[in-house]
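Below: the structure, in structure tokens.
The values are calculated or read from the model by the stated rules, or taken from the named source; none is laboratory data. None of the values given here were measured: they were computed from a predicted structure. Cβ atoms come from the backbone with ideal geometry, glycine included; neighbour counts cover every protein chain shown.
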Amino acid sequence: SPVVELSGVHKTYDVGGVVEALAGVSLTLPEGSYTAVMGPSGSGKSTLLNLIGALDTPTEGRVVVAGEEVSTASDGTRAELRGTDIGFVFQTFNLLSRLTAVENVGLPLVFAGVPRAERRERARELLTDVGLGDRTDHLPTELSGGQRQRVAIARALVADPALVLADEPTGNVDTETGGRVLDIFDRLHAAGNTILLVTHERHVAERADRIVHVRDGELERIEDLGDDA
Ligand code: ADP
Ligand code: ADP
């Protein structure tokens, strides 16, 4: 069964005038697929990502993630889903400033009830994977933007989520770091993780198996890049 299935999804915001951010979207993410989402600003990309990431619920339609019906799930169930099945890489990193890199990365495991020593070990492994094995005890303020982005990626992956979601993961980092971040996604893809990333950069999107083009809250076109593993 697919990791993600959206059918007939609508999302409207009522801000003294109704905005239809998503106007009937159906999309399936098969297990192990790597999908990029592109589209103009305001086309609904973030809304789509937030729904798949169980951060929000649709106004109409069904969103099923890892077998869980997000549309009708309680806040608690959605929080659990985010903690165990979904790794979310935010554009703005969202690291806790008082925690070191290894503590930030281990955070999702706190909610999963993993003991401290095991958390540190797992977080160290992940930081080493992203090339930050020598920065484990640094605070976010002691790291560069690119290093923070890699800490955020390590945190998104520490609980070994079935699904990795990323909003412009290369948006706030230099070209070289962006390349390293994309290499990490390539490795995840090769390891069988399901990946969805939002980007406005064509060369970034081309690393995926297919590009979903969004416009005015609708899927305009799905471009198959035909090199799925
Ligand atoms: P994108 O990520 O493609 O830029 P968004 O999903 O952020 O698009 O936004 C789609 C539309 O929905 C836009 O018109 C935006 O202003 C509106 N929108 C998104 N989030 C909200 C919100 N929380 N409240 C009101 N309007 C929103
Ligand atoms: P991006 O296009 O880089 O993803 P946006 O500025 O479109 O960034 O959206 C950033 C966040 O703000 C998203 O989570 C989106 O849901 C929210 N947002 C977007 N437009 C509005 C809006 N008009 N009112 C409230 N929140 C919004």
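For the criterion of being in a loop (DSSP other than H, G, I, E, B) and either away from ligand 1 (no atom under 16 Å from the Cβ) or modelled with pLDDT under 90 (or both), PRO2 passes. Residues of segment 185-229 that are part of a loop (DSSP other than H, G, I, E, B), on the phi < 0 side of the Ramachandran plot and touching an Asp or Glu at 6+ places or on another chain (Cβ under 9 Å): ASN193, THR199, HIS200, GLU201, ARG207, ASP209, LEU225, ASP227, ASP228, ALA229.
Scanning segment 165-184 for residues that are touching an Asp or Glu at 6+ places or on another chain (Cβ under 8 Å) and of a type in the set (Ser, Thr, Tyr) gives a single hit, THR170. Residue-level analysis places ASP167 outside the set of residues that are within 13 Å of the chain's Cα centre (by Cα) and without any contact (Cβ under 8 Å) to a residue 12 or more places away in the chain.
Matching residues to (1) assigned to a loop (DSSP other than H, G, I, E, B); (2) surrounded by 21 or more Cβ atoms within 10 Å (Cβ to Cβ):
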position	(1), (2)
ALA23	no, no
PRO40	yes, no
LEU48	no, yes
GLY83	no, no
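From ALA79, ALA54, which residue is away from ligand 2 (no atom under 12 Å from the Cβ), free of Cβ contacts under 8 Å to residues at least 40 places away in the same chain and exposed (fewer than 15 other Cβ atoms within 10 Å of the Cβ)? Answer to the selection: ALA79. The listed residues are ARG148, ARG202, ARG180, and the only one of them that is in contact with a Pro (Cβ under 6 Å, 6 or more places away or on another chain) and farther than 17 Å from GLY32 by Cα turns out to be ARG148. Is it the case that some residue within segment 189-204 is within 16 Å of ligand 2 (Cβ to nearest atom), out of contact with any strand residue (DSSP E or B) (no Cβ under 6 Å at 6 or more places or on another chain), free of Cβ contacts under 8 Å to residues at least 60 places away in the same chain and closer than 22 Å to LEU126 by Cβ? Checked against the condition, which is being within 16 Å of ligand 2 (Cβ to nearest atom), out of contact with any strand residue (DSSP E or B) (no Cβ under 6 Å at 6 or more places or on another chain), free of Cβ contacts under 8 Å to residues at least 60 places away in the same chain and closer than 22 Å to LEU126 by Cβ, segment 189-204 yields no hits at all. The set of residues in segment 1-34 that are of a type in the set (Ser, Thr, Tyr) and either closer than 13 Å to LEU219 by Cα or near ligand 2 (Cβ under 10 Å from one of its atoms) (or both) comprises SER7, TYR13, SER26, THR28. Scanning segment 101-138 for residues that are part of a loop (DSSP other than H, G, I, E, B) and more than 10 Å from VAL151 (Cα to Cα) yields ALA112, GLY113, VAL114, PRO115, GLY133, ASP134, ASP137, HIS138.
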